[in-house]
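Participant: Quick one: the structure is below, questions incoming.
The values are calculated or read from the model by the stated rules, or taken from the named source; none is laboratory data. Quantities reported herein were computed from a predicted structural model and do not represent experimental measurements. Every residue, glycine among them, receives a Cβ derived from its backbone with ideal geometry; neighbour counts consider all protein chains shown.
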Amino acid sequence: MRVKIGEGMLAAAIALGLASQAAAQDEMAEKRDKKLKSEFFSKAAWITDFEKAREESRKAGKPIFAYFTRSYSP
Amino acid sequence: MLYCNITTHVSTDKDQELLEQKGGDGFPYLIFMDAEGNVLAKHEDQRDAEGFARTGKKAQAFLELKAKAGKGDKAALIDLAIAQLELGHITAEEGQKKLAGLGTLSKAQQAKVDGLLAAAEVREALKTVTREKETQLAAGQKFLEMKKAGRPAPEGDEAQPYWILIMNYAEEHNDAGTFADALKALRAKYGDNPQAAPFFRAKEATLKELQDKKK
């Protein structure tokens, strides 16, 4: 038997999907903010905006030391 | 200048593609860049002040090499093209073109270029690999053909998928010999890692099955 999804069901499914995506984004943003408040960032003058880092590098005539990390998992 | 890029998976955050654009594929990834964002050196040393200082010197050496090459020094031009290839500033094709006009390379330089070109080709092929088995087998077949043609195996991050995909392809085609060779190469590179022990146990069992089938 083929299951046909009615328009109402489809709209509900989409709404549910969007809501869970938004919740996941909120959770990710929370993790990012927690990372930015961690002790690591208070120990040195880290710049988190790439354009700003490039501008500062240009002004100072010094290279950029870049550290790539993640906030979504430890 | 200290810059920190955080991969957050927050869709509205800036520069979420920067890690990949600058040649990174895992964490942490540490590099020196110039003000234009060009990678000057990748940190592969120990993660302490001395290690960072050594990588900083490599970045400085790259800038000096660039300046020397800018004055037309032929040896520096060759070294610069190799370094640019290594840092991902130029593609394999661009590197080949640049080097073609610079005369004969030394044996050591040629070996390095061959290795870099093969690694670049493996990286390109890995972009086509998905969860679909067919894509994995196709890449495994390509890597096996490269190996048979005498192309060097990648030494960097590409080594693991390179050998594993060759093993998958060999397993699919009941090729115990190729499977054993790839397993040996993987063991030589990652055999000391205790976390890899279950993987190696499973693959030894697969090898035995393949060898038994052959009998």
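Participant: Quick one: B:L102 ticks every box in (1) part of a helix (DSSP H, G or I); (2) over 28 Å from A:A53 (Cβ atoms) bar one, so which box is it?
Facilitator: For B:L102, the exception is condition (1).
Participant: Only residues that are in contact (Cβ under 8 Å) with a residue 12 or more places away in the chain, at the interface with chain A (Cβ under 7 Å from one of its Cβ atoms) and out of contact with any Lys or Arg (no Cβ under 6 Å at 6 or more places or on another chain): list them for the range B:5-27, please.
Facilitator: Of everything in the range B:5-27, those that are in contact (Cβ under 8 Å) with a residue 12 or more places away in the chain, at the interface with chain A (Cβ under 7 Å from one of its Cβ atoms) and out of contact with any Lys or Arg (no Cβ under 6 Å at 6 or more places or on another chain) turn out to be B:N5, B:L18, B:L19.
Participant: From B:A61, B:A41, B:A35, B:A53, which residue is modelled with pLDDT of 95 or more and part of a loop (DSSP other than H, G, I, E, B)?
Facilitator: Exactly one of B:A61, B:A41, B:A35, B:A53 is modelled with pLDDT of 95 or more and part of a loop (DSSP other than H, G, I, E, B), namely B:A35.
Participant: Kindly provide the set of residues from the range B:28-47 that are at the interface with chain A (Cβ under 7 Å from one of its Cβ atoms) and under 22 Å from the mean Cα position of the chain (by Cα), ordered by number.
Facilitator: The answer is B:P28, B:Y29, B:L30, B:I31, B:F32, B:M33, B:G37, B:L40.
Participant: Just to be sure I understand, how many residues within the range B:67-78 are surrounded by fewer than 19 Cβ atoms within 10 Å (Cβ to Cβ) and closer than 26 Å to A:I64 by Cβ?
Facilitator: Result for the range B:67-78: 5.
Participant: Still on this structure: Using the structure shown, decide if B:A118 is away from every other protein chain (no Cβ under 14 Å), in contact with a helix residue (DSSP H, G or I) (Cβ under 7 Å, 6 or more places away or on another chain) and more than 24 Å from B:M146 (Cβ to Cβ).
Facilitator: Against the criterion (away from every other protein chain (no Cβ under 14 Å), in contact with a helix residue (DSSP H, G or I) (Cβ under 7 Å, 6 or more places away or on another chain) and more than 24 Å from B:M146 (Cβ to Cβ)), B:A118 does not qualify.
Participant: Scan the range A:50-69 residue by residue and report those that are part of a helix (DSSP H, G or I) and more than 7 Å from chain B (Cβ to nearest Cβ).
Facilitator: A:E51, A:K52, A:E55, A:K59
Participant: A further question on this structure: Here is a check on your reading of the model: is B:L210 on the phi < 0 side of the Ramachandran plot and part of a loop (DSSP other than H, G, I, E, B)?
Facilitator: Taking the combined requirement at face value, the residue does not satisfy it.
Participant: State yes or no: is B:E50 more than 10 Å from chain A (Cβ to nearest Cβ) and not β-branched (V, I, T)?
Facilitator: So B:E50 fits the description; yes.
Participant: Also: Would you call B:E93 over 30 Å from B:L2 (Cα atoms), assigned to a helix (DSSP H, G or I) and among the charged types (D, E, K, R)?
Facilitator: For B:E93, the condition - over 30 Å from B:L2 (Cα atoms), assigned to a helix (DSSP H, G or I) and among the charged types (D, E, K, R) - is met.
Participant: Checking the structure you have, find out if any residue of the range B:146-157 is hydrophobic (A, V, I, L, M, F, W, C) and part of a helix (DSSP H, G or I).
Facilitator: Looking through the range B:146-157, at least one residue is hydrophobic (A, V, I, L, M, F, W, C) and part of a helix (DSSP H, G or I).
Participant: May I pose another question? Going by the structure shown, is B:L85 in a helix (DSSP H, G or I), of a type in the set (A, V, I, L, M) and at pLDDT below 90?
Facilitator: yes
Residue-by-condition table, conditions (1) at pLDDT below 90; (2) surrounded by 15 or more Cβ atoms within 10 Å (Cβ to Cβ):
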{"site": "A:A29", "(1), (2)": "no, yes"}
{"site": "A:D33", "(1), (2)": "no, no"}
{"site": "A:E56", "(1), (2)": "no, yes"}
{"site": "A:K59", "(1), (2)": "no, no"}
{"site": "A:K62", "(1), (2)": "no, no"}
{"site": "A:Y67", "(1), (2)": "no, yes"}
{"site": "A:P74", "(1), (2)": "yes, no"}
